[in-house]
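The values are calculated or read from the model by the stated rules, or taken from the named source; none is laboratory data. This one's a predicted model, so the numbers in the text were calculated from it and none came from an experiment. When we count neighbours, we look across all protein chains shown, and the Cβ atoms used for this are built from the backbone with ideal geometry, even at glycine.
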Amino acid sequence: ETGVTQSPTHLIKTRGQQVTLRCSSQSGHNTVSWYQQALGQGPQFIFQYYREEENGRGNFPPRFSGLQFPNYSSELNVNALELDDSALYLCASSLGLERYNEQFFGPGTRLTVL
Amino acid sequence: AQTVTQSQPEMSVQEAETVTLSCTYDTSESDYYLFWYKQPPSRQMILVIRQEAYKQQNATENRFSVNFQKAAKSFSLKISDSQLGDAAMYFCAYRGGNMLTFGGGTRLMVKP
C-alpha cells in the first residue's frame, strides 16, 4: 500500500460524455501527476500539479484537465470522451518537484468508453 | 524527446533463480534519474529501485540490483533468488524533468 487512493475503481461511460476521476494523495504530498495506461502498454504522462498549479503537461489535448485542492486531493476531468480514452488512469503523489523523489502511485481507475 | 525501450515483452524464471530484465533509453540530457517499477495484478505501481545518472555505482536493494551503463544508455534490472511474489509487470522509467517516461513493460513469470 502506498497511501494513495483513487475513486472510483471502475467506470463505464459512453462516447461524448464527461468524466471526473479523483485521487487522494499521501499526507503532506504537494505534487500530483496523472498518467494514462492503455491496455498492454506503459503509463503515459498527462500532467502534473504542484501547489494547485499545473506544472507540466504531456501530449494530451485540452479536453483533459485537472484540479488540485489545498488538502492535496486532486481530480482529472475528461470532456467529450472518445473510445481511445478507455484506459487505466493512475495518479501519483510526491513530496516536491525534485527528480529523485519517489512518486507513490494509486491503484488506478479503469475507464471504459462505449 | 526521451524514449524508453524494453525489448522483452515477457520473461520467465524458475523460483530461486536469477533473471535480468533489459531497458534502453534515449536522451540528450546528462543529469537524470532512472527507475524500475513493479506492477502486480492488483495494479498498484511500486518502486523497486532507482539510479541517479551521475552516480557510477550501481544501485542495489536487497535481491534487486541494476547494471547501469550510461554511455550505452542501458539500465537492466537483475532479480536474484526469484520468488513467486516477484511475478508482475516491470516497467523501466526515465525522469529528466517533471515527468516519468515509461517503457512498454516486461511481464515476468516465476515458475515454482
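Computed values, structure above
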quantity: Residue satisfying condition, being polar (S, T, N, Q), touching a residue at least 24 places away in the same chain (Cβ under 8 Å) and either within 29 Å of residue B:54 (Cβ to Cβ) or out of contact with any Leu (no Cβ under 6 Å at 6 or more places or on another chain) (or both), within set A:30, A:59; calculated: A:30
quantity: Condition check for residue A:83: surrounded by fewer than 22 Cβ atoms within 10 Å (Cβ to Cβ), within 14 Å of another protein chain (Cβ to nearest Cβ) and either modelled with pLDDT of 95 or more or under 23 Å from residue B:2 (Cα atoms) (or both); calculated: no
quantity: Lone qualifier among B:84, B:77 - being away from every other protein chain (no Cβ under 14 Å) and under 11 Å from residue B:23 (Cα atoms); calculated: B:77
quantity: Residues within region B:69-88 that are surrounded by 20 or more Cβ atoms within 10 Å (Cβ to Cβ) and of a type outside the set (Gly, Ala, Ser), tallied; calculated: 4
quantity: Condition met for residue B:7 (surrounded by fewer than 16 Cβ atoms within 10 Å (Cβ to Cβ) and either part of a strand (DSSP E or B) or touching a strand residue (DSSP E or B) at 6+ places or on another chain (Cβ under 7 Å) (or both)); calculated: no
quantity: Unmet criterion (only one of (1) modelled with pLDDT of 95 or more; (2) surrounded by 13 or more Cβ atoms within 10 Å (Cβ to Cβ)) for residue B:47; calculated: (1)
quantity: One residue from A:39, A:114, A:97, A:67 being away from chain B (no Cβ under 14 Å), surrounded by fewer than 22 Cβ atoms within 10 Å (Cβ to Cβ), touching a residue at least 40 places away in the same chain (Cβ under 8 Å) and not polar (S, T, N, Q); calculated: A:114
quantity: Counted residues, region A:1-25 - those being within 13 Å of chain B (Cβ to nearest Cβ), surrounded by fewer than 17 Cβ atoms within 10 Å (Cβ to Cβ) and in contact with a strand residue (DSSP E or B) (Cβ under 6 Å, 6 or more places away or on another chain); calculated: 2
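Residue by residue, here is whether (1) within 24 Å of residue A:93 (Cα to Cα); (2) away from chain A (no Cβ under 13 Å); (3) free of Cβ contacts under 8 Å to residues at least 24 places away in the same chain; (4) not aliphatic (A, V, I, L, M) holds:
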{"position": "B:38", "(1), (2), (3), (4)": "yes, no, no, yes"}
{"position": "B:41", "(1), (2), (3), (4)": "yes, no, no, yes"}
{"position": "B:58", "(1), (2), (3), (4)": "no, yes, yes, yes"}
{"position": "B:98", "(1), (2), (3), (4)": "yes, no, yes, yes"}
{"position": "B:107", "(1), (2), (3), (4)": "no, no, no, yes"}
